[in-house]
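*Asks:* This is the structure, below, for whatever I ask next.
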Amino acid sequence: MDYIQYIIIAVVLIIIALAILKSTKKDAHLELNKLVEYLGGKDNIISTETNLSRFKVTLHNVDIVNKEGIQKLGAKGIVEIDNQLKIILGSESKQLKKYIDDLK
């Protein structure tokens with residue numbers, strides 16, 4: 001009888017762990033959506049590149065970018081050169097590039 005209780009506890013813990021993982025993925029997806037929005041939307045993005053922790057994006061119009069919002073989402077720095085932004089994002093830069101490429 002004791003082993004049934006252990007099995008029930010294990011199943012409950014697995015369900016809780018899966019729920020936590022699923023909610024974490026949703027939050028990351030929402031953050032990426034918000035980041036694309038802060039960049040002026042997917043139509044404002046011409047091209048993207050990543051280099052380690054840096055995310056480089058070429059835009060049609062840099063003036064509509066919400067740099068303050070991008071920094072609130074965790075960017076460690078933003079450099080603007082002509083119609084390009086170089087954003088230091090850390091490990092999320094590759095994930096963001098893949099997300100934007102999938103949107104286009």
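The values are calculated or read from the model by the stated rules, or taken from the named source; none is laboratory data. All values derive from a computational prediction rather than experimental measurement. Heads up: the accessible areas ignore ligands, DNA and RNA and are worked out on the full protein's heavy atoms, side chains in. Shrake-Rupley method; radii C 1.70, N 1.55, O 1.52, S 1.80 Å.
*Asks:* Could you run through the stretch 37-76 and say how many residues are in a strand (DSSP E or B) and among the polar types (S, T, N, Q)?
*Replies:* 5
*Asks:* Check L59 against each of (1) open to solvent by 80 Å² or more (accessible area, probe 1.4 Å); (2) at pLDDT 95 or above; (3) of a type outside the set (S, T, Y) and name the one condition it does not meet.
*Replies:* (1)
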